[in-house]
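Derivation of every value follows stated rules applied to the coordinates shown; laboratory data play no part. Here the structure is a predicted model, which means the values were calculated and not measured. As a convention, Cβ positions derive from the backbone with ideal geometry for all residues, glycine included, and neighbour counts pool all protein chains shown.
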Amino acid sequence: MIQAMNTFEVLLQARGGFGYAGDDPDPRPLPPTTLGDLKESFEGGLQSAHRRRAQSIHEALYFAFYSDRFQGEPDRCITVPRDHLWWLVSAGDTILLSDRITHHYSFVFDVDRDTGRVSFLDQWPDRFFLKEGLNAAGVAAIPVDGKPPSITRKEFRRVAVGLITMDTPALLEDYFDEYPDQRSDAAQCLSCGLSLLGAQKDRFARPAALHLRRSMRAAEARGDPETAAVAAGKLYVALTVAGLSIRRWNEPLASRPFDDERSSLCAERGREELLSGLAPDDLCRMGNAAGRAGEVAMARELFDRAVALDATHEQARWLRAIARDQAGEPEGVVHDAAEAVRLNRAGVAALEAERDGLDPRDRHGRGAIDARIASMKERRGEEYVLLFRGRAALERWDEARSAAEDLIALDPDRSEGFKRLAFLEQQLGRLTEARACLQEALQRETHPAVRQALEHALAEISP
Amino acid sequence: MAADPPPDPPAAVAFDRVRGRDMNVHVGDRIYHVGAGEAQPGTPDLDITSLENPGRLRPLAGHPVLARPADGRPVYSGGVHLSFTLSHNGAGRASVLVRGLSLEIVRFVPGADPDYAHRPEGAAIIGAGIVKPHVFTVSLFGDEAAPARWVVDAAAGQVRTARSANFFDTEDAQLLSVSPEGDVEEVRGTILAQEEGLYEVRLAWDYSVKGEDRRRVSEPILLYSDD
């Protein structure tokens with residue numbers, strides 16, 4: 001297991017932890033955060049760290065596990081028998097503890113399986129509710145061997161609701177090796193598959209397929225057609241994404257096992273039946289993988305299905321505009337890109353209203369919404385580019401200019417809009433204006449290769 | 001000639017004292033007028049808001065409220081959060097001295113019952129951190145209730161545990177008195193069903209008015225645990 005406790009947290013504890021905001025006379029309200037919410041938040045940070053190359057274990061992802069005392073969040077968390085949490089818990093994990101009155105997230109400092117104790121590095125160590133007398137579960141956390149307060153395995157069993165751990169997909173196989181009977185638990189295998197698919201990285205589609213296949217077969221064996229159908233649909237997604245993502249790396253034979261299994265799954269259940277149970281997000285995911293693998297027709301079909309299922313699905317509109325652009329259908333590009341922009345604007349306005357409705361002191365809640373807005377606006381920029389391309393291909397120059405100007409207004413510090421305007425002016429034979437736009441683009445562009453291309457273009461149209 | 005009423009003793013430390021007589025009293029709240037030593041109309045007495053008023057009994061986070069098959073009465077899984085207010089009924093000038101609050105286990109049926117099979121909702125367990133002060137907790141273990149526990153200050157590790165079945169009988173207990181002009185006392189707490197089985201419990205308040213001891217009891221509360 002990957003130990004995630006970092007130096008900052010240790011130093012923070014040594015200095016007495018954070019101040020407790022609840023001591024303020026009028027404390028800010030806390031956004032309600034479930035175990036699944038927290039896991040997704042951590043996962044977002046991890047993927048961002050991968051992109052920035054600040055985290056080099058690309059097989060790493062976060063898993064969230066619930067004790068089966070509780071109904072978990074099966075689409076993003078894995079529910080295990082309560083005794084199995086002891087096997088799963090490791091240093092660095094985030095853990096949700098509860099005595100049924102107080103519920104609290106804390107960090108696991110150390111697990112000593114020989115002595116059967118788990119210690120916690122809590123943010124507010126003075127008032128950690130597992131200290132004797134502060135909880136209704138009869139738990140008495142005490143410091144042992146110079147470590148932070150720890151509790152016994154038996155006490156852990158009483159108060160552990162669930163945990164979040166960073167690991168690789170191999171953790172699940174290790175778990176099933178330890179508890180082989182769980183392989184026949186269709187619901188648990190389904191949650192394992194969904195957790196891997198939910199990490200939104202194509203590399204996890206392959207291990208996801210393993211768990212989804214198990215879930216489908218286990219559900220069939222116990223006569224649970226509903227779970228079997230859900231597992232089969234998700235298995236189709238996993239096989240499609242896994243096969244296509246391997247093909248992208250120019251290894252045509254490597255995708256064969258996934259393609260063959262997908263074919264036999266279709267023969268067994270019918271492709272239409274499998275696709276009919278999927279959500280637009282699933283269809284977009286497969287379509288995106290198809291598009292990246294050069295399977296434009298397949299991508300197009302999947303995006304058509306997604307739009308037919310939900311005409312207001314912005315991502316489906318945006319992706320279909322890309323597929324239509326690749327297929328040379330400018331009318332379709334303009335139609336989908338314009339609709340995507342409209343949906344994006346409405347979505348951003350709704351998020352801004354949600355953010356403005358939050359308590360002004362809820363900076364975490366506001367920050368989370370602002371991050372979503374920034375991500376949506378980034379996508380809108382790509383939608384404007386598509387809109388420009390479609391309109392320019394149709395020689396609807398005034399409308400194309402409008403798209404370029406919208407792009408500049410959205411992000412005036414980037415070169416993208418000016419590049420488009422320069423192209424447009426050049427097409428209209430207005431070389432002075434085209435040169436001015438290229439100069440503007442050059443002032444903003446930082447990528448060496450793009451700068452070189454811009455300089456070349458400028459030289460070509462200079463007198 | 002009636003003697004002057006005794007001065008108000010300070011409120012018990014464990015209470016969450018509410019400033020302002022009308023705070024936390026819901027319009028139309030029912031109050032108890034049952035039990036031994038019932039007051040005559042127009043004479044001083046203790047008003048206690050009924051646990052059957054809206055919001056006075058609340059399920060534990062994520063725990064479903066079940067229904068007793070026989071009569072559909074609510075059964076709180078795992079335990080229940082409760083609150084009530086104590087105030088003077090406004091008649092006469094004599095203060096009311098609240099001497100005790102206790103829990104009576106009317107009935108306990110041990111063991112798991114498939115009629116009440118349930119699993120709490122994990123997504124409703126929201127980690128929010130710190131023990132709330134000035135509320136009581138009582139744990140039920142079959143036929144026995146553990147002494148009430150009051151967290152006074154979590155950061156300072158100040159916890160008071162009742163020395164008897166009376167919740168107010170703590171180490172530094174002070175008598176609670178309500179007067180016609182005095183504050184409304186809001187009391188909050190949680191009863192937890194720890195041992196597997198179905199519990200029927202009720203709260204009992206013991207108090208005195210002008211030297212006469214009186215007792216009130218709440219409606220029964222049904223709790224179930226299979227943990």
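With charges set only on the Cβ (+1 for Lys and Arg, -1 for Asp and Glu), what does the dipole of chain A come to about its Cα centre, in debye to the nearest 20? Mind showing how you got there, number by number?
On the way: 62 positive and 75 negative charges, 82 e Å.
For chain A, the charge dipole is close to 400 debye.
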Output the 0 to 90 degree angle, nearest 10, between the alpha-carbon long axis of helix A:314-326 and the longest principal axis computed from the alpha carbons of chain A.
40
Length gained if A:E399 through A:R342 is fully extended, taking 0.36 nm per residue and subtracting the Cα-Cα distance, is 19.0 nm
For segment A:125-141 and segment A:402-425, what is the separation of their C-alpha centers, rounded to whole Å?
60
If the limit is 24 Å between Cα atoms, which of A:K201/A:K234; A:K201/A:K377; A:K39/A:K234; A:K131/B:K132 go over it?
none
Helix A:256-269 versus the longest principal axis of chain A: what is the Cα-based angle in degrees, 0 to 90, to the nearest 10?
80
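Loop only per DSSP, at most 14 neighbouring Cβ atoms within 10 Å: give me the GluC sites (Glu not before Pro) in segment A:346-423, ordered by residue number.
Numbers: sites: A:E352, A:E354, A:E378, A:E382, A:E383, A:E395, A:E399, A:E405, A:E416; in loops: A:E395.
Listed in order of number, the matching sites are A:E395.
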Given the options A:A137, A:L235, B:V178, identify the residue whose Cα lies farthest towards the positive end of the charge dipole of the protein assembly as shown (+1 on Cβ of Lys, Arg; -1 on Cβ of Asp, Glu).
A:L235
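Quick check: convex hull over the Cα atoms of segment A:414-463, volume per residue in Å³, rounded to an integer? Working shown, then result.
Working: hull volume 2.9 nm³, N = 50.
Dividing the Cα hull volume of segment A:414-463 by its residues yields 58 Å³.
Just need the relative contact order of segment A:322-459 here, percent rounded to a whole number, with Cα pairs under 8 Å and 6+ apart.
Relative contact order here is 18 percent.
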Please determine, in degrees from 0 to 90 and to the nearest 10, the orientation of helix A:296-309 with respect to the longest principal axis defined by the Cα atoms of chain A, where the helix direction is its Cα long axis.
70
Cut-off 17 Å, label 7 Å out along Cα→Cβ of B:D71, residues of segment B:192-207 by amide N:
B:198-203
In whole angstrom, and with the biggest value first, how far do the Cα coordinates of segment B:136-221 range along each principal axis?
44, 36, 21
Taking segment A:247-346, which chymotrypsin sites (Phe, Trp or Tyr not before Pro) meet the DSSP loop condition and have no more than 10 other C-beta atoms within 10 Å?
A:W249
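Using the Cα gyration tensor of segment A:371-452, with a ≥ b ≥ c the square roots of its eigenvalues, what is the shape: rounded (a/c below 1.5), prolate (a/b larger than b/c) or oblate (neither)? Present the calculation step by step, with values, prior to reporting the outcome.
On the way: a/c = 2.20, a/b = 1.19, b/c = 1.85.
Since a/c reaches 1.5 but b/c is at least a/b, the shape of segment A:371-452 is classed as oblate.
Does segment A:132-178 come out rounded, prolate or oblate by the C-alpha gyration tensor, with a ≥ b ≥ c the root eigenvalues, rounded set by a/c under 1.5 and, if not, prolate when a/b is larger than b/c and oblate if not? Mind dumping the intermediate values first?
Working: a/c = 2.89, a/b = 2.03, b/c = 1.42.
Note, shape of segment A:132-178 comes out prolate.
Going by C-beta contacts inside 10 Å, put A:E425, B:E212, A:E440 in order with the fewest on the left. Working shown, then result.
Numbers: A:E425 22, B:E212 11, A:E440 18.
Ordered from fewest to most neighbouring Cβ atoms within 10 Å, A:E425, B:E212, A:E440 come out as B:E212, A:E440, A:E425.
Which of rounded, prolate or oblate describes segment A:213-353 when judged by the alpha-carbon gyration tensor and an a/c cut-off of 1.5? Spell out each step's value before the answer.
Working: a/c = 2.53, a/b = 1.48, b/c = 1.71.
Here segment A:213-353 falls in the oblate category.
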Going by Cα centres, segment B:176-227 and segment B:94-154 are how many Å apart?
11
